[in-house]
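See structure below.
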């Protein structure tokens with residue numbers, strides 16, 4: 001039998017022991033040691049790591065056998081392995097996250113069939129033969145779900161169909177609804193963390209990033225902030241803040257990537273954080289509305305919880321079925337003459353049975369029932385600003401801000417009151433633009449009216465001394481140009497950061 005050493009950075013981790021292939025091995029097992037680093041290979045006297053499954057930011061996963069199980073069931077052994085660059089505070093946080101995974105799996109795994117069970121969680125004190133110093137390693141043993149994750153399934157089979165996505169949504173909303181009701185948030189929903197078992201059932205994996213709802217929100221990002229930027233919502237990427245809608249956003253992002261077979265950075269604007277994916281795939285309007293609402297950059301604009309999304313999906317299914325039924329009824333209501341029908345029946349060859357549809361990645365997944373509660377239709381998504389309009393808005397904010405500055409400083413003086421009043425008006429102006437209360441021709445009208453009022457009402461431009469409308473216009477244009485430059489720099493920096501993260 002092959003055993004894989006679990007010591008980090010072991011130079012030759014694969015070992016072979018022929019005596020372990022004997023089906024009549026007695027208990028307890030004699031300990032085996034790595035030939036390269038002398039690490040204990042049989043963990044807790046029962047878990048035999050046989051191969052490497054994968055490595056993450058804070059740990060390594062091994063496929064193992066449980067010798068104490070009557071069937072020597074397969075399981076997953078996770079080794080806590082944080083980066084060596086972490087400082088003591090970050091290391092403590094990483095350790096807490098690893099502990100949290102064990103706690104959540106123990107609490108939730110036995111209660112839901114689509115969450116892997118926890119089998120064991122234990123530390124192991126080992127001696128490093130290179131420096132003869134002891135170190136403590138932490139292990140977590142959990143249920144092994146045999147199957148293929150959706151990321152690999154996408155690579156192998158291509159785009160998911162609308163029916164496939166409905167099945168993914170239904171299954172994962174059921175899991176997330178259960179997780180959220182138990183005061184936890186997953187925080188790392190993505191295709192590689194959703195696995196389709198051999199029985200077709202979808203399971204949610206990797207609870208190492210789970211956040212308890214009662215845990216204070218961390219306000220800073222750092223090496224221990226766990227999320228996948230390709231799928232995480234803006235608030236989680238920027239500050240680490242999460243709630244139930246964060247998981248719903250990540251689930252929708254997952255579905256969009258599966259539908260389009262495109263990377264998220266090809267579909268999401270780094271400036272507006274809005275997704276433009278509908279042109280890449282043909283799906284029903286109802287599904288577009290559901291996913292777009294889940295993907296809103298503002299958490300308050302999303303569905304409040306998983307149950308609300310399930311209701312929306314049910315409503316969309318009813319709407320689709322209603323349309324299809326109406327189309328069938330309309331078709332069957334067409335009058336057909338007897339002679340035409342007889343002629344058709346004689347001349348037409350016998351109809352062959354319809355060909356089976358092409359197999360889909362989730363064709364074996366059984367559909368789950370969803371509640372049939374009514375739901376308020378999702379509002380139409382707001383389209384992201386084009387680059388031209390984005391720069392135009394920036395120019396308007398600069399011009400209008402320059403005019404407001406002249407007016408405020410002329411009437412209130414260069415005091416804290418004058419500067420504060422100008423800043424407050426500028427914030428309101430930008431907020432109105434952001435919410436698109438004012439846009440398009442509104443910008444030209446507002447800027448023109450403001451310029452006219454300031455020019456013809458002398459007290460409003462006394463700050464520029466004897467300067468006439470030309471001076472005022474030049475100041476406003478310079479302010480507009482400066483704001484455009486700032487906007488371009490901001491866009492470039494934001495785009496660069498989004499690619500790095």
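The values are calculated or read from the model by the stated rules, or taken from the named source; none is laboratory data. All values reported here derive from a predicted model rather than from experimental measurement. Don't worry about glycine lacking a Cβ; one is built from the backbone with ideal geometry, like all the others, and counts go over all protein chains shown.
Key figures for this structure:
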| item | result |
| --- | --- |
| Subset tally (residues that are touching a helix residue (DSSP H, G or I) at 6+ places or on another chain (Cβ under 6 Å) and modelled with pLDDT of 80 or more) for segment 431-450 | 2 |
| Tally of residues being assigned to a helix (DSSP H, G or I) and either out of contact with any helix residue (DSSP H, G or I) (no Cβ under 7 Å at 6 or more places or on another chain) or at pLDDT 95 or above (or both) across segment 289-300 | 7 |
| One residue from 236, 220 being at pLDDT below 90 and under 12 Å from the mean Cα position of the chain (by Cα) | 236 |
| Those strands (runs of 3 or more DSSP E) lying entirely in segment 123-209 with at least 1 residues surrounded by fewer than 21 Cβ atoms within 10 Å (Cβ to Cβ) and either modelled with pLDDT under 90 or touching a strand residue (DSSP E or B) at 6+ places or on another chain (Cβ under 7 Å) (or both) | 133-143, 147-149, 194-197 |
| Matching option when the condition is surrounded by 13 or more Cβ atoms within 10 Å (Cβ to Cβ) and under 25 Å from residue 298 (Cα atoms), among 478, 425 | 425 |
| Test for residue 62: is it under 29 Å from residue 193 (Cα atoms) and in contact with a helix residue (DSSP H, G or I) (Cβ under 7 Å, 6 or more places away or on another chain) | no |
